[in-house]
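Each value in this text was obtained by applying a stated rule to the coordinates, not by laboratory testing. Not measured: the values here are computed from a predicted model. Note: ideal-geometry Cβ built from the backbone for every residue, glycine included; neighbour counts use all protein chains shown.
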Amino acid sequence: MHYLAITSLIWAFSFGLIGNALKGIDPLQVADVRLLLALLVFLPFLRWQQTNKQEKWQLIAIGAIQYGVMYTCLLSSFRYLPSHLVALFTVLTPLYIVIIDSLRKRYFSIDYVLAAALSVAGAAVIKAKNTEGADIWLGFALIQIANLAFAFGQVAYRDWKQARPELAHSAVFAWLYLGGALFTALAAALISGKGPIPLEANAQQWAVLLYLGLVASGLGFFMWNKGATLTTTGILAAFNNAVVPLAMFASLFIFAEAKGGTLEELSRLGLGAALIAFALLLGRRRHSG
């Protein structure tokens, strides 16, 4: 579990850095740079001969979904939402983990539908007066796609690796980053019409990108997926939420997104967060029961 705990602390500051320090940079370029840097970190450890062609493509596909789809949608949501709301709306990832795990076991419950409805209600309560309705709902939808992609990838890699205990994580992890980097490069070219490298970034922004790519993505995703293979589904789901209060605190108070916020706005945030948290508990209770 210590892998998951350390990664939660590393990721706590990522939301605020993206939402504040990287303003003006295309989010899809941010996504691709992060994954390219992470790929460079793990290329020296790649053991080409230890996996067959099918296994390589399986890992590339998992990486394209877990990291490529996730980053494309998550980072695009920063166009529409402040970073503390991006962090809050990722709280539903554990619900998707237990739903995916339940579907694998051919079990489903109406409670999952109720949980989804409560989460949407929570987002509606949070909507501030100065946030356009279309913006918050588009941002919310993008984050839920990102949550689903990240949840799927965690479960898929966990199953893949547990079936091959003889392989070292470091020997295969570059394939995941390759899949993610290929997807985000394609998304940047088709959606933004830009190359993978943000040439307009200044020195401070490149320092942030290097930290996000080498540490938060490169080291962070490796430790997270390794930790996922060493825990139960329930523990994995719980740790997916450990980063949320830390990230919200950092975004609101360290990056000063709470500055100028009214008591009404903070109350909306608290009430909406409570509804989303209850949605999560409802889904996890049914899964554990």
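Got a sec? How would Met223, Met70 order by Cβ neighbour count within 10 Å, fewest to most? List each step's numbers first, then the result.
Values: Met223 18, Met70 27.
With the sparsest Cβ surroundings first, the list reads Met223, Met70.
Please rank Trp48, Trp57, fewest neighbouring Cβ atoms within 10 Å first, as an exposure proxy. It would help to have the intermediate numbers written out before the result.
Working: Trp48 10, Trp57 13.
Lowest count first: Trp48, Trp57.
Using 0.36 nm times the number of residues separating Leu199 and Ala163, minus their current alpha carbon distance, what extension gain do you get?
Details: separation 36, 0.36 × 36 = 12.96 nm, distance 4.23 nm.
Fully extending the segment from Leu199 to Ala163 adds 8.7 nm.
Net charge near Gly193: determine it from the other residues with C-beta under 14 Å of the C-beta of Gly193, scoring Lys and Arg +1 and Asp and Glu -1. If you can, show how the numbers build up before the last one.
Working: positive: Lys194; negative: Asp26, Asp32.
Once all neighbours under 14 Å are counted, the net charge is -1.
For region 43-54, in order, what is each residue's ³J(HN,Hα) by Karplus, 6.51 cos²θ - 1.76 cosθ + 1.60 with θ = phi - 60°, in whole Hz (x at glycine and Pro)?
4, x, 8, 5, 10, 4, 7, 7, 10, 7, 4, 5
Grab the Cα-Cα distance for Leu271 and Leu190, subtract it from 0.36 nm times how many residues apart they are, and report the gain in nm with one decimal. Walk me through the intermediate numbers first.
On the way: separation 81, 0.36 × 81 = 29.16 nm, distance 3.88 nm.
That works out to 25.3 nm of additional length.
Compute the FRET efficiency between Arg104 and Ala207 as 1/(1 + (r/R0)^6), taking r as their Cβ-Cβ distance and R0 = 51 Å, and round to the nearest 0.05.
Details: r = 42 Å, r/R0 = 0.82.
So the FRET efficiency works out to roughly 0.75.
Projecting each Cα onto the charge dipole of region 1-65 (Lys/Arg +1, Asp/Glu -1 at the beta carbon, about the Cα centre), which of Ala12, Gly24, Leu39 comes out farthest on the positive side?
Projecting each Cα onto the dipole axis, the largest value belongs to Leu39.
Around Leu22, under 14 Å between beta carbons, what's the net of Lys plus Arg minus Asp minus Glu among the other residues? Before the final figure, lay out the partial values.
Values: positive: Lys23, Arg34, Arg79; negative: Asp26, Asp32, Glu200.
With Lys, Arg at +1 and Asp, Glu at -1, the net is 0.
Going by how many other Cβ atoms sit within 10 Å of their own, how do Phe89, Phe152 line up, fewest first?
On the way: Phe89 28, Phe152 18.
With the fewest neighbours first, Phe89, Phe152 line up as Phe152, Phe89.
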